[in-house]
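The structure under discussion appears below in the form of structure tokens.
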Amino acid sequence: MSTKKEIKLDFNSAWELDPAPEDTKHVSIKKQYDLFINGEFVKPNSKKYFATYNPATEEKISEIAEADEKDVDKAVKAARAAFGPWSKLSGKERGKYIYRIARLMQERAREFAVIETMEGGKPIRESRDIDIPLAANHFFYYAGWADKLEYAFPNKNPKPLGVAGQIIPWNFPLLMAAWKIAPALACGNTVVLKPAETTSLTALKLAELIRDSGLPKGVVNIITGAGKTGAAIVNHPDINKIAFTGSTDIGKLIQKSIAGTDKKLTLELGGKAANIIFEDAPIDQAVEGIINGIFFNQGHVCCAGSRLFVQESIADIVIQKLKDRMETLKVGDPMDKNTDIGAINSKEQLLKIQEYFKIGKNEGADFYQSSCSIPKKGYFIKPTLFLNTSQSHRIVQEEIFGPVLAIQTFRTIEEVIEKANNIPYGLSAGVWTDKGSKIFNLTTKLRAGIVWANTFNKFDPTSPFGGYKESGFGREGGLHGLSAYLDLK
Amino acid sequence: MSRIEILKTYKIYIGGQFPRTESGRYYPLKNKKGEVTATICLSSRKDFRNAVVAARGAFGGWSSRSAFNRGQILYRIAEMLEGRKEQFVSELILQGATATAAKQEVELSIDRMVYYAGWCDKFQQVFSSVNPVASSHFNFSVPEPTGVVAIIASEENSLIGLVTAIAPVIAGGNTCVVLASESKPLCAVTFAEVLNTSDLPGGIVNILTGNSSELHSHFSTHMDVNSLIYYRNNKQEIKTMKENASLNVKRVFIYDKLNVNSEGSQSPYFIADTQETKTTWHPIENIGSSKAGY
């Protein structure tokens, strides 16, 4: 079936949007940030600082301390010293501190959103409406668990693990910090958290907020740096638990390097989600789901719907509608409230995505980008499709972590289940159909930790998140997220 | 003239068949007096790989059986165990147990199998949740089996070590490959015969006999194994297995301190070890009668 030109929607000719940038004047960012250890900001042992940039302008924002092994040791010692009193504090009182953090975050939400967008490149619309509210809600949710843990695991006597070392990625900086810190504290642990080196600022603003909240010193320590700092946390002998979110490669390294220890581990790693559109799906909604699935947060999402499977009978119309919808996406200044797709997080990531463009073209897939213009400065990529891809293509098998969608068609349910599952990852999946029994058939057979049926990329503090297979193990969020931070023996 | 006894050939159990090890290797099992009582297969890497193929092939069918049906089959295993009680007792005695201890071990094993038969259609309700998300979606989380589980069972225990290791794994819908005790392997082979007559389809449980120091690295490096469970206390083997597990992010459970004869070695939490949590979202339509208040 071919699409007739006359049914195509024309969004562009009738109206132009004026720039609507969010004001940044009310935001306070220091010229230099130190390490947050034992309740105060301290200079790094090495005296070294690294610059952090705005990926939309390539301008320097601030300087961040680089923590070395001695700093990590100092942070772990502070967390260890704080663990005794913190774990003995009643759950009721622990919960009150966590509630305070949630409330303070709600009060300072706009400042957090602006900084998240300045440093991370994500559209202000997303940081304002998704990242920051979800982060605050996560603290609010887990605060309430602190004095109710004995109800979560029947016949068990839950105990905290001790000091948790937590390493988080750059795609949802504050939200990932919340996912890590909130359940750890509710369960009575103390933490040493390291944000990603390109997105340290909102974690450091969180450190200021935690200091202001009156949380006992040393319960939360936030130290900054790159891979070496992370390795020092992973290998520190006095850490009881490692929680990592990031790439599957690094996750495997961590799993290997702590093999000889008793450290508990949870991993939330990469993904390559299948987003499956059946011929009986509500097509316009499904197209919105495809767009949201792959272009949300520039595709820097581990659970992004980066593999599209369209049933053959509707492939032409779905792809045409998808291309039409892509034309309406505004790529550009992340601080503009009308922007849909912001800046790629770093130059390194930009180059990686561009490398995959070459790989995909060489593999013989058809390359398509929307016709939009992108700013001359900063790291931007137009929304991109690869058509006529096949299972063996690297652009189908590997996580690109950008606004790049690989499209395949299918004929039967058996075929699409086989193809969707035939990949080392298993984080998430999407299914679009109007038929309930088909949804349940698919959702039970897809080997993935989260399945979105007739929706995509939805998150909630009460909803467990985490993968099957090489997408990691353990869950974050909900009741299930507690067990990552408890000794249930 | 007294009758000459028929001696049993002890073989391994792969995909519902009883082959000898493809390697042709064996080790002699001796009693306290040093007499050879049986010839046992010394399984190879290839046997293990064949067993994983069988386990993977059986996974789709077993995991999609109804929980009620899985419960019935586990209960059937217990019935078959009960019928073979005397044989297990005499094998345990042959392996050095006292008559009292042997009887206790067999009874505990049967009871444990019944215990897990009952959990087959109940643990899901204990570990599931409906999640009250703030948006207009229906959202729930359920346990689903991890996949193929490779198990190195207790060395000190024979039948009870196997039942403790296998029952929670298959109760949850997984399939498995198990290395039995090297020094006490007789019950393992007889247990395989029980499984084979219990309506348990071939490939769901595969049992090898042999040597852990040879096989543990193959168990842990195999890329189609999803989870590892280890019931021994060799520190070096534990470290190697945990390291190798990182190759494909296997879920590893080390029960080096677990006393499989204790009540504490059975609980639904052992089923939960080899379960993944799947969370499903679906929108709720909020049009029309949403304000109905009755």
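Please label the shape of region A:219-261 as rounded, prolate or oblate, based on the square roots a ≥ b ≥ c of the eigenvalues of the alpha-carbon gyration tensor (a/c under 1.5 means rounded; beyond that, a/b larger than b/c means prolate, else oblate). Present the calculation step by step, with values, prior to reporting the outcome.
Details: a/c = 1.75, a/b = 1.18, b/c = 1.49.
Since a/c reaches 1.5 but b/c is at least a/b, the shape of region A:219-261 is classed as oblate.
Name the residue from B:Ala165, B:Thr100, B:Ser43 whose Cα lies farthest towards the positive end of the charge dipole of region B:9-292, charges +1 on Cβ of Lys and Arg and -1 on Cβ of Asp and Glu.
B:Ser43
Work out the charge dipole of region B:9-292 with +1 on the Cβ of Lys and Arg and -1 on the Cβ of Asp and Glu about the Cα centre, then indicate which of B:Ile77, B:Pro28, B:Phe140 is farthest towards its positive end.
Projecting each Cα onto the dipole axis, the largest value belongs to B:Pro28.
Count charges around A:Gly481 for me, please; just the other residues with Cβ under 15 Å from its Cβ, Lys/Arg as +1, Asp/Glu as -1. Each step should come with its number before you reach the end.
On the way: positive: A:Lys148, A:Lys180, A:Lys241, A:Lys264, A:Arg475, B:Lys278; negative: A:Glu268, A:Asp460, A:Glu476, B:Glu276.
Summing Lys/Arg as +1 and Asp/Glu as -1 gives +2.
In the protein assembly as shown, with Lys and Arg counted as +1 and Asp and Glu as -1 at Cβ, which of these residues, A:Thr248, B:Leu208, A:Phe401, has the Cα nearest the positive end of the dipole, that is, farthest along it?
The listed residue farthest towards the positive side: B:Leu208.
Just tell me how shielded A:259-269 is by partners: mean number of partner chain Cβ atoms within 10 Å of each residue's Cβ, no decimals.
Working: counts 10, 7, 2, 1, 0, 0, 3, 0, 2, 0, 1.
Average per residue, whole number: 2.
So, R0 is 41 Å and r is the distance between the beta-carbons of A:Gln369 and A:Glu150; what FRET efficiency does that work out to, to 0.05?
0.15
Kindly sort A:Phe139, B:Phe138 by accessible area of their heavy atoms, largest first, with the probe set to 1.4 Å. Intermediate results must be reported in sequence, preceding the final value.
Values: A:Phe139 0, B:Phe138 100 Å².
Highest to lowest solvent-accessible surface, that is B:Phe138, A:Phe139.
Would you tell me the mean number of C-beta atoms belonging to other protein chains that fall within 10 Å of each C-beta in A:461-471, as a whole number?
Per residue, the number of nearby Cβ atoms from other chains is 6 on average.
Could you sort B:118-124, A:103-109, A:73-79 so that the peptide with the highest average Cβ count within 10 Å comes first and the rest follow in order?
Details: B:118-124: 19.0, A:103-109: 17.3, A:73-79: 22.9.
Descending packing order for the listed peptides: A:73-79, B:118-124, A:103-109.
Divide by every residue of chain A the summed helix terms, -39500 (n - 2.57) for each DSSP H run of at least 4, and state the resulting mean residue ellipticity at 222 nm, rounded to the nearest 500 deg cm²/dmol. Please list the in-between numbers first.
Working: 14 runs with 172 residues, N = 489.
Per the formula, -11000 deg cm²/dmol.
Can you give the charge dipole size of chain A about its Cα centre, rounded to the nearest 20 debye, using +1 on the beta carbon of Lys and Arg and -1 on the beta carbon of Asp and Glu?
Working: 64 positive and 58 negative charges, 303 e Å.
In debye, rounded to 20, chain A gives about 1460.
If we restrict to alpha carbons, what Rg and Dmax does region A:135-186 come to, in Å?
Values for region A:135-186 (Cα only, Rg and Dmax): 12.5, 39 Å.
If you wrap a convex hull around the Cα atoms of region A:353-489, how much volume per residue is inside, in Å³? Don't jump to the answer; show the numbers that get you there.
Numbers: hull volume 23.5 nm³, N = 137.
Given the Cα convex hull of region A:353-489, per-residue volume reads 171 Å³.
Using only the Cα atoms of region A:274-461, what are the Rg and Dmax in Å?
When restricted to the Cα atoms of region A:274-461, Rg and Dmax are 15.7, 50 Å.
Can you give me the Kirkwood hydrodynamic radius for the protein assembly as shown, using every pair of distinct Cα atoms, in Å to one decimal? Intermediate values should be presented prior to the final figure.
Details: mean 1/r = 0.0358 Å⁻¹.
Final number for the Kirkwood radius of the protein assembly as shown is 28.0 Å.
Gap in Å between the Cα centre of region A:394-467 and the Cα centre of region B:254-271?
35
What accessible surface, in Å², does a 1.4 Å probe find on A:Leu405, ignoring ligands, DNA and RNA and rounding to the nearest 10?
Counting only protein heavy atoms, the figure is 0 Å².
For region B:192-284, go through all pairs of different Cα atoms, get the mean of 1/r, take its inverse, and jot down that Kirkwood value in Å.
Working: mean 1/r = 0.0634 Å⁻¹.
Result for region B:192-284, one decimal place: 15.8 Å.
Averaging over every viewing direction, what projected area does the convex hull of the Cα atoms of region B:9-292 cover, in nm²? Please report the intermediate quantities before stating the final value.
Working: hull surface 68.0 nm².
Projected over every direction and averaged, the Cα hull of region B:9-292 covers 17.0 nm².
Would you check the accessible area of B:Asp273, probe 1.4 Å, heavy atoms only, in square angstrom rounded to 10?
We get 40 Å² for B:Asp273.
With charges only on Cβ, +1 for K and R and -1 for D and E, what is the dipole size of region A:89-175 about its Cα centre, in debye, rounded to 20?
Numbers: 13 positive and 10 negative charges, 66 e Å.
Here region A:89-175 has a charge dipole of around 320 debye.
Between region B:101-125 and region A:40-117, how many Å separate their Cα centres?
49
Please report the orientation-averaged projected area of region A:195-293, defined via the convex hull of its C-alpha atoms, in nm². Walk me through the numbers before you get to the answer.
Working: hull surface 39.6 nm².
Seen from a random direction, the Cα hull of region A:195-293 projects 9.9 nm² on average.
What is the extension gain from B:Ser64 to B:Gln125, computed as 0.36 nm multiplied by their sequence separation minus the C-alpha to C-alpha distance, in nm to one decimal? Intermediate values should be presented prior to the final figure.
Working: separation 61, 0.36 × 61 = 21.96 nm, distance 1.70 nm.
Here the answer is 20.3 nm.
My understanding is that a pair violates if its Cα-Cα distance is over 19 Å; which of A:Lys156/A:Lys252; A:Lys92/A:Lys148; A:Lys31/A:Lys217; A:Lys30/A:Lys376 do that in this structure?
Details: A:Lys156/A:Lys252 30 Å; A:Lys92/A:Lys148 9 Å; A:Lys31/A:Lys217 25 Å; A:Lys30/A:Lys376 28 Å.
Over 19 Å apart, Cα to Cα: A:Lys156/A:Lys252; A:Lys31/A:Lys217; A:Lys30/A:Lys376.
Can you list which of the DSSP-assigned H helices in chain A have a Cα extent of 15 Å or more along the long axis and an average Kyte-Doolittle score of at least -1.0? It would help to have the intermediate numbers written out before the result.
Numbers: long enough: A:69-88 (29 Å, -0.71); A:91-107 (24 Å, -1.10); A:109-120 (16 Å, 0.07); A:132-143 (17 Å, 0.70); A:173-186 (20 Å, 1.34); A:201-213 (18 Å, 0.49); A:283-295 (17 Å, 0.92); A:315-327 (18 Å, -0.43); A:347-362 (23 Å, -0.96).
What comes out of the filter, once short or polar helices are dropped, is A:69-88, A:109-120, A:132-143, A:173-186, A:201-213, A:283-295, A:315-327, A:347-362.
Sum up the charges of everything whose Cβ sits under 11 Å from the Cβ of B:Ser265, counting Lys and Arg as +1 and Asp and Glu as -1, but leave B:Ser265 out.
Values: positive: B:Arg112, B:Lys257; negative: B:Glu263.
With Lys, Arg at +1 and Asp, Glu at -1, the neighbours total +1.
Please work out the C-alpha center-to-center distance from region A:275-329 to region B:196-245 and express it in whole Å.
42
Go through A:Lys70/A:Lys263; A:Lys194/A:Lys256; A:Lys264/B:Lys250; A:Lys241/B:Lys235; A:Lys469/B:Lys11 and tell me which ones have a Cα-Cα distance over 23 Å in this structure.
Details: A:Lys70/A:Lys263 20 Å; A:Lys194/A:Lys256 20 Å; A:Lys264/B:Lys250 14 Å; A:Lys241/B:Lys235 20 Å; A:Lys469/B:Lys11 33 Å.
Over 23 Å Cα-Cα: A:Lys469/B:Lys11.
Just tell me how shielded A:474-481 is by partners: mean number of partner chain Cβ atoms within 10 Å of each residue's Cβ, no decimals. Before the final figure, lay out each step's value.
Numbers: counts 2, 4, 0, 4, 8, 5, 8, 1.
The shielding value for this peptide is 4.
I need two numbers for region A:100-141: Rg to one decimal and Dmax as a whole number, Cα atoms only, in Å.
Final numbers for Rg and Dmax: 9.7, 28 Å.
Going Cα to Cα from A:Lys321, which aspartates and glutamates come in below 18 Å? Please leave out same-chain ones fewer than 8 positions away.
Straight-line reach from A:Lys321, under 18 Å: A:Glu6, A:Asp10, A:Glu279, A:Asp280, A:Asp284, A:Glu288, A:Glu312, A:Asp340, A:Asp366.
The values are calculated or read from the model by the stated rules, or taken from the named source; none is laboratory data. Here the structure is a predicted model, which means the values were calculated and not measured. Heads up, the Cβs are rebuilt from the backbone with ideal geometry, glycines too, and the neighbour counts pull from every protein chain shown. The accessibility values were calculated without ligands, DNA or RNA, using every heavy atom of the protein model including side chains. Shrake-Rupley method; radii C 1.70, N 1.55, O 1.52, S 1.80 Å.
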